[in-house]
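Student: Please see the structure below; I have some questions.
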Amino acid sequence: MKIIIVGAGQVGFHIASRLAHENKDVVVIDADPAAVARLAEKIDVEAVVGSGSSPVLLEEVGIRESDILLAVTDSDEVNLVACLAADIIAPAVKKLARIRKSDYERYHKIFQESAPHIDAIINPEIEVIKTIGLFMRVPGAVDIGEFADGRLKFVGIYMDKEARLAGMRLADLPSRISGRLLIAAVVREGKMIIPRGDDRLYPGDLIYFVSEEDGLANILKAFDKHHHPVKRAMIIGGGGIGLRLAREMEKQSIYTKLIERSPERCALIADKLSKVVVIRGDGSDQGLLQEENIGEMDVVITLTNDEETNILMSLLARRMGARQAITKLNNFGYFPLMSTIGLEQVVSPRLSAVNTIIQHIRRGKVLSARTLSNEKAELLEAVALETSDIVGKPLKKVGMPKGSLVIGIIREGEVKIEIPSGDSVIAPNDRIIIFAMREVVPKIEKILTVKLEFF
């Protein structure tokens with residue numbers, strides 16, 4: 001598979017690194033020589049200085065022989081033009097454009113009508129809003145995903161020191177928990193393992209499990225994670241995500257305050273929203289936060305464009321009594337540090353973009369994909385195609401690679417959590433959820449791909 005990436009920023013760098021580890025043929029184009037040099041120094045890919053929207057350059061780097069073009073620069077316009085240029089030269093190439101502006105819906109409609117060969121327009125802001133909503137509804141979650149239209153949840157939580165289930169064997173959990181769950185993985189001291197029935201859960205473990213939505217509340221209670229309805233919220237930062245989130249809060253009748261520095265932006269937000277209290281000020285001003293009763297907030301979401309400011313404000317919010325703090329980050333380098341300083345609920349537009357892009361890159365009919373625990377593993381939702389190796393025979397004969405696990409099956413609209421006993425048989429058109437360690441993802445792709453390219 002050959003992939004051309006336009007943009008060597010954090011998203012482009014991240015995707016290129018992932019694909020290079022999977023031995024895919026990758027070309028990265030960027031107009032910034034320093035960004036290209038940095039990428040070429042650290043990753044074994046072809047790195048080219050130039051404009052990714054140039055038809056001449058796209059021709060030179062082999063767009064006609066490529067499978068996918070990813071346009072992920074920080075400029076929406078460059079990304080769209082790059083896809084359109086590629087479509088002129090090589091219409092069969094799959095083209096993805098990263099779009100971040102708030103008028104995404106208008107972009108999407110226009111380009112679906114005028115340029116249907118742009119296969120996907122990726123707006124990470126929408127996924128960030130969705131993740132924030134899930135964090136607010138699922139207590140204690142530090143990672144969360146939804147499948148089967150929300151009926152199946154994949155949740156990551158930390159085992160607290162005083163938790164009642166601490167030290168218990170996995171095989172004994174069903175007798176203590178009201179609700180069906182499957183523990184897919186445990187991260188302990190930085191190492192991810194797929195546990196067995198004799199393994200025990202210990203304080204400090206990051207536990208990833210899947211459950212049906214109906215039983216999730218009881219499972220979380222068993223892990224001493226108790227839900228508190230969000231009635232009062234504070235948003236710090238009135239950019240595109242802040243405005244979108246405030247609008248959602250207003251729809252849900254959650255009493256919301258939004259703090260924004262720019263007077264022009266405050267005026268625009270106040271004009272668009274009728275119930276949200278818009279405050280002009282500095283969200284890192286402790287006096288202002290105290291004046292606005294931050295200690296009474298059920299949740300504080302920090303969404304400014306400055307990483308350090310978001311971290312500082314979330315720490316300040318927790319110290320001043322806010323029950324929950326959700327922090328927006330884009331710098332992947334900060335992620336491993338967040339739980340250490342007590343900020344476990346993190347959202348990232350860039351990581352959301354990466355997850356969406358990975359979904360489109362994976363072979364087979366992959367519906368969604370997400371990375372877990374600093375990219376140690378991946379979660380894939382896919383359709384079991386009729387002639388793929390995974391259907392029509394017991395899983396023990398499929399040859400699922402070590403380090404992978406089928407954790408959910410949706411058949412004809414019915415959600416069923418399947419513990420892979422080896423005798424389970426996947427039928428054609430089943431939607432399946434697969435947990436896979438990073439190193440075995442290429443093998444999973446091979447299993448999901450049809451033997452004859454008919455789709």
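Student: Please state which of the following conditions Val72 fails to meet, knowing it meets all the rest: (1) closer than 16 Å to Lys2 by Cα; (2) in contact with a Lys or Arg (Cβ under 6 Å, 6 or more places away or on another chain).
Tutor: (1)
Student: For region 211-233, indicate whether the set of residues that are closer than 22 Å to Pro124 by Cβ and either modelled with pLDDT of 90 or more or surrounded by fewer than 17 Cβ atoms within 10 Å (Cβ to Cβ) (or both) is non-empty.
Tutor: The answer is yes; a qualifying residue exists.
Student: Only residues that are surrounded by 16 or more Cβ atoms within 10 Å (Cβ to Cβ) and either over 13 Å from Gly9 (Cα atoms) or touching a residue at least 40 places away in the same chain (Cβ under 8 Å) (or both): list them for region 20-45, please.
Tutor: Ala20, Lys24, Asp25, Val26, Val27, Asp30, Ile43, Val45
Student: Hey, another quick one. Do you know which of the residues in region 165-191 that are farther than 24 Å from Asp214 by Cβ and aliphatic (A, V, I, L, M) is most open to solvent (accessible area, probe 1.4 Å)?
Tutor: By that ranking, first place goes to Ala166.
Student: Here's another thing I want to ask about it. At least 1 residues that are over 25 Å from the mean Cα position of the chain (by Cα), acidic (Asp, Glu) and under 30 Å from Ala436 (Cβ atoms) in each: list the strands (runs of 3 or more DSSP E) lying fully within region 1-83 that qualify.
Tutor: Output list reads 46-49.
Okay, residues lined up against (1) at pLDDT 90 or above; (2) part of a strand (DSSP E or B); (3) more than 21 Å from Met136 (Cβ to Cβ):
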| site | (1), (2), (3) |
| --- | --- |
| Arg323 | yes, no, no |
| Ile326 | yes, yes, no |
| Phe335 | no, no, no |
| Leu351 | no, no, no |
| Thr356 | no, no, yes |
| Val366 | no, yes, yes |
| Ala369 | no, yes, yes |
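Student: Across region 371-385, which residue is nearest to the chain's Cα centre (by Cα) among those that are at pLDDT 85 or above and part of a loop (DSSP other than H, G, I, E, B)?
Tutor: Ala384
A quick yes/no check of all residues on (1) in contact (Cβ under 8 Å) with a residue 12 or more places away in the chain; (2) farther than 23 Å from Ile126 by Cβ; (3) touching a Cys at 6+ places or on another chain (Cβ under 8 Å); (4) open to solvent by 10 Å² or more (accessible area, probe 1.4 Å):
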{"site": "Tyr255", "(1), (2), (3), (4)": "yes, yes, no, yes"}
{"site": "Asp282", "(1), (2), (3), (4)": "yes, yes, no, yes"}
{"site": "Glu291", "(1), (2), (3), (4)": "no, yes, no, yes"}
{"site": "Gly295", "(1), (2), (3), (4)": "yes, yes, no, yes"}
{"site": "Asn310", "(1), (2), (3), (4)": "yes, no, no, no"}
{"site": "Arg319", "(1), (2), (3), (4)": "no, yes, no, yes"}
{"site": "Lys328", "(1), (2), (3), (4)": "yes, no, no, yes"}
{"site": "Phe332", "(1), (2), (3), (4)": "yes, no, no, yes"}
{"site": "Thr340", "(1), (2), (3), (4)": "no, yes, no, yes"}
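The values are calculated or read from the model by the stated rules, or taken from the named source; none is laboratory data. For clarity, every value in this text was computed on a predicted model and none was experimentally measured. Neighbour counts are summed over all protein chains in view; Cβ atoms, including those assigned to glycine, are modelled from backbone coordinates with ideal geometry. Note: accessible area is taken over every heavy atom of the protein model, side chains too, but ligands, DNA and RNA are not part of it. Shrake-Rupley method; radii C 1.70, N 1.55, O 1.52, S 1.80 Å.
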